[in-house]
1. Which of (1) surrounded by fewer than 19 Cβ atoms within 10 Å (Cβ to Cβ); (2) without any contact (Cβ under 8 Å) to a residue 60 or more places away in the chain; (3) in contact with a Ser or Thr (Cβ under 8 Å, 6 or more places away or on another chain) is the odd one out, the single condition Glu131 does not satisfy?
2. With the range 42-157 as the region, which helices (runs of 4 or more DSSP H) entirely inside it contain at least 2 residues that are in contact with a helix residue (DSSP H, G or I) (Cβ under 7 Å, 6 or more places away or on another chain)?
3. Determine the pairs where a residue that is of a type in the set (D, E, K, R), located within the range 96-115, has a partner that is not in a helix (DSSP H, G or I) with Cβ atoms under 6 Å apart, the partner being 6 or more residues away or on another chain.
4. Report every pair of residues separated by at least 6 positions or lying on different chains whose Cβ atoms are under 9 Å apart, first residue within the range 24-52 and aromatic (Phe, Trp, Tyr), second assigned to a helix (DSSP H, G or I).
5. Residue by residue through the range 131-154, note down the ones that are over 18 Å from the mean Cα position of the chain (by Cα) and among the small types (Gly, Ala, Ser).
6. Taking only the range 1-41 into account, find how many residues are assigned to a loop (DSSP other than H, G, I, E, B), modelled with pLDDT of 90 or more and polar (S, T, N, Q).
7. Do we have any residue at all in the range 206-220 that's surrounded by fewer than 16 Cβ atoms within 10 Å (Cβ to Cβ), at pLDDT below 90, β-branched (Val, Ile, Thr) and in the same structural domain as Ile255 (by TED's automatic domain parsing)?
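The values are calculated or read from the model by the stated rules, or taken from the named source; none is laboratory data. In this text the structure is predicted, and so the values were computed from the model without any measurement. Don't worry about glycine lacking a Cβ; one is built from the backbone with ideal geometry, like all the others, and counts go over all protein chains shown.
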Amino acid sequence: MAKSSQVSMQDVAKTAGVSPQTVSRVANGSDAVKPETRQRVEAVMQRLGYRPNYAARALKRGKFQDIGVVMFNTSSFGNSRILDSIISSAADDDYSITIQTMRHGSERTLAAAIERMQQQPVDGVIVVLEERISDFAGYKPPKELPVVLISEGAADHCPTVDTDQYGCSTAIVDYLMSKGHKTVYHIAGPATSRAAESRARGWREALEQIGAPVPSMYIGDWCADSGYQAGVALAHDPDCTAIYAANDQMAYGAILDCNPPASACLTMSASSASTIRWRTWCHG
């Protein structure tokens with residue numbers, strides 16, 4: 001069998017008894033090919049080891065069928081879910097994904113991240129902003145490359161997408177207070193997180209608005225262990241009857257030690273608020 005790099009479209013066309021244009025249509029998924037012809041051409045492609053020249057295809061189409069994704073990290077629970085959704089949605093439209101992570105120091109900016117992505121064959125970029133960066137407010141994306149931010153708060157010059165972190169927090173507090181609790185304790189995310197800041201602000205202001213006591217806030221790191229440590233402390237606080245954790249993982253950890261005496265442990269995901277009563281070891 002010839003190596004795929006040595007097999008040309010003309011080789012496939014000659015072996016299959018069709019024109020190079022027909023091979024091109026098959027490779028590009030065109031409907032303008034008879035089923036029996038498509039099957040014959042695809043069989044020859046497989047037998048010869050032919051692979052389409054994606055660089056040439058991109059040059060002809062004027063697009064790469066690839067979306068760049070920039071994240072601070074890909075290992076956190078929230079980011080991994082976002083990335084999984086992006087990959088799934090892109091695949092539905094036959095797009096691939098190119099992933100880069102934010103660098104440190106002076107290059108930890110939108111401008112630097114997008115400049116690096118411009119060196120890749122991508123048609124657009126999604127930036128998942130979980131931390132504050134210096135050029136967020138004034139950044140203007142290049143005209144030739146579409147950029148969308150997943151971020152808490154709107155940017156003046158760039159489209160942004162996010163859930164209402166503040167509103168979800170106030171809804172959680174309102175729900176718990178309606179159940180007769182005197183106040184709600186909060187296990188927050190790290191201080192560097194924009195989402196954690198908005199969730200904590202919503203929690204605090206919701207309590208202040210109804211004149212309820214505002215307890216000391218526990219700051220975690222999104223991981224179950226930090227939630228567990230907070231749960232250990234809160235389990236010995238007789239005034240604690242309701243806990244709102246800023247993400248699932250910290251809620252899992254807190255639940256291991258918060259019941260009793262706490263009667264409700266709530267968490268907020270990226271899209272909704274829900275009561276959590278699962279064991280952390282049952283969920284990976």
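1. (2)
2. Answer list for the range 42-157: none.
3. Arg108/Met102
4. Tyr50/Ser4; Tyr50/Met9; Tyr50/Asp11; Tyr50/Val12; Tyr50/Val23; Tyr50/Ala27; Tyr50/Val44
5. Within the range 131-154, Ser134, Ala137, Gly138 meet the criteria.
6. The total comes to 1.
7. No, that holds for no residue.
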